[in-house]
1. Measure off, as a whole percent, the carbon and sulfur share of the 1.4 Å-probe accessible area of the chain, all protein chains present.
2. Checking the cross-link filter: which aspartates and glutamates have an alpha carbon closer than 16 Å to that of residue 130, excluding same-chain neighbours under 8 positions apart?
3. Just going by the charge dipole of the chain, with Lys and Arg at +1 and Asp and Glu at -1 on Cβ, which of 60, 466, 123 is farthest out on the positive end?
4. Any idea of residue 328's accessible area? Nearest 10 Å², probe 1.4 Å.
5. What spacing in nm lies between the two simple spin-label points modelled at residue 4 and residue 232, each 7 Å away from Cα in the Cβ direction?
6. Need one number: nm distance between label points at residue 486 and residue 190, each 7 Å from Cα along Cα→Cβ, rounded to one decimal.
7. Can you find, among 493, 184, 250, the residue farthest towards the positive end of the dipole of the chain? Put +1 on the C-beta of Lys and Arg, -1 on that of Asp and Glu.
8. May I ask you to compute the full-extension gain from residue 338 to residue 239, defined as 0.36 nm times their residue separation minus their alpha-carbon distance, rounded to one decimal in nm?
Amino acid sequence: GCVLVVSVIEQLAQWHNSTVKAAVERLCNYIPGKYQIICHMLCCIDREMNADVVCHSLKLCKQDPGQPLCHLYRPPKVSWFSTFFKATDYERSFKLELNSMESSSTHAFVCAFPLLANLCEKIKYVIRNKLPFEDFDGDKFSTFPTLRGYHWRGRDCNDENITVYPGRRPDNWDVKSDSNCNGIWGVDPKDGIPYEEKFCKGAGSQGVVLLGDSAGAHFHIPPEWMTVTQMSAKSFANLPMAFTDELDWPQFSEITGFLNSTIGGWTDSLYLRLRRRNRCNHRDLQNISQNGILARNQLLDNPAVVIYATIGNDVCNGNRDTLAHMTTPKEMLSNVVQALRYLDSRLPNGSHVILTGLVDGRFLWDNLHDRYHPLGQLNKDITYSQLYSFLDCLQVRSLAVAYEPILPLSPLLKPLSLCQVSPCSGWLTPNGTLRNLTSERALQLSNVLKEIVRSEKFANFDVFYMDFPLRQTAEEWRKMGGDPWQLIEPVDGFHPSQIAAALGTSITWQKALQEWPQVLGKENPFNDQIEAIFKDQGGH
């Protein structure tokens, strides 16, 4: 984090031919509202020292005995020792700033500011519980967008009534109120039949649920936050929303996206397609990423299409001996079957579960390693290969940070053994043998999922398998005139981009239409009538 911020400031000074102090002021003016208070930590930067040196001198980065010296930039021509000696005054200034805060912990630095302390407490809550922060009736649905609110689960339409939430079967055909938040309620005055009964009875209403990781949650750091040639106040307008959504954008994601993308590309999702197929499915979505809690009542709610997206975490870990800590096929079989049995006890009858195989992550190195990262575009000095090596070198005493990039709120995180910051040291490495071995294990685990589909049966859902459609996505994107590297998030060089998410939806939908049409349900013949009534009434 320090290296990132210092790099941006030094490049702003270079691009605008200004002093570092002026660059800090410029950046702070870009940052919205109360977040400007963070700029207090940016008092000690010298344009003559690169970001690695500054952050080591401030002791925000350090080198433990016996560990390599981690650096993003090429080491300075003069010795590190003499450069650190020069930085002593900056370190002293920084310590004075820290001492003026309520906490002297550098990791809790941001949360020490009184204006941000309340926000930090909210973010800690949602990271710990994976539930909406604002949920007054406790039904796990919210009227607030972020902090695990309706960006993640369908929007609640009555947050004071625990029996009203998206996805439930209508209460008495919703004659008097909208119990399932799909916007359809009341009685047709022409014939006295409830609208919900007229339009949705027998339509096969169902929701969509994602069980996944940060890729399923659509992790994204806007490249304009660190590309100084494009930077302006507009670049940071979405910063408060991004932080309170843990730098995830589920509202634009492949499975549960429902808003038009503001981060490039376009939004196409399984939820939107199921909603177009049956307008009664409105708002019935849940993005349960990073160990969230499923909200489904087996007796009261509609069935659901559940996407069980493994993608990569079973082969990506934060350990130096990464191969030894990958999930084994035997563990995979036990874990997935256990999870499916749990789902069988929670999902309403008539649901469907789709297991997606692990990705072949060699695609990342093959398409990015010699390209310039957004931080390196100005001076052509940082490639993705350098970024991967930097992340692979860094270590942190928290498994949570090593697995999923989240805000540095250390009071929440329990110290464990040292883990690498790299999201996947098995694939993000110049070691071709290690990349191949990681992909080999990923294939073995995908084969376990296929075997589960062939051999296991469940009472309340049928289960299907599909490969992660990366190869087909790349082929489709090439036909559209694109390059494969554009399918990868530019800042972290690891997660699928918005383009990849939208194209992946189309491929998944076509496979389902051809091979398992029962999963998608039938087309609701009343869709046009439902939309016409809404328009007559002035919108949804």
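1. C and S atoms contribute 53 percent here.
2. Within the straight-line cut-off, residue 130 pairs with 121, 139, 213, 245, 246, 248, 404.
3. With unit charges placed on the Cβ atoms, the residue in question is 60.
4. 50
5. Distance between label points: 2.3 nm.
6. Taking the simple label geometry, residue 486 and residue 190 are separated by 4.7 nm.
7. 493
8. Gain in length upon complete extension: 31.8 nm.
The values are calculated or read from the model by the stated rules, or taken from the named source; none is laboratory data. All of these numbers come straight from a predicted model, not from anything done at the bench. Ideal geometry is used to build each Cβ from the backbone, glycine not excepted, and the neighbour counts take in all protein chains shown. These area figures cover heavy atoms from the full protein model, side chains too; ligands, DNA and RNA do not enter into them. Shrake-Rupley method; radii C 1.70, N 1.55, O 1.52, S 1.80 Å.
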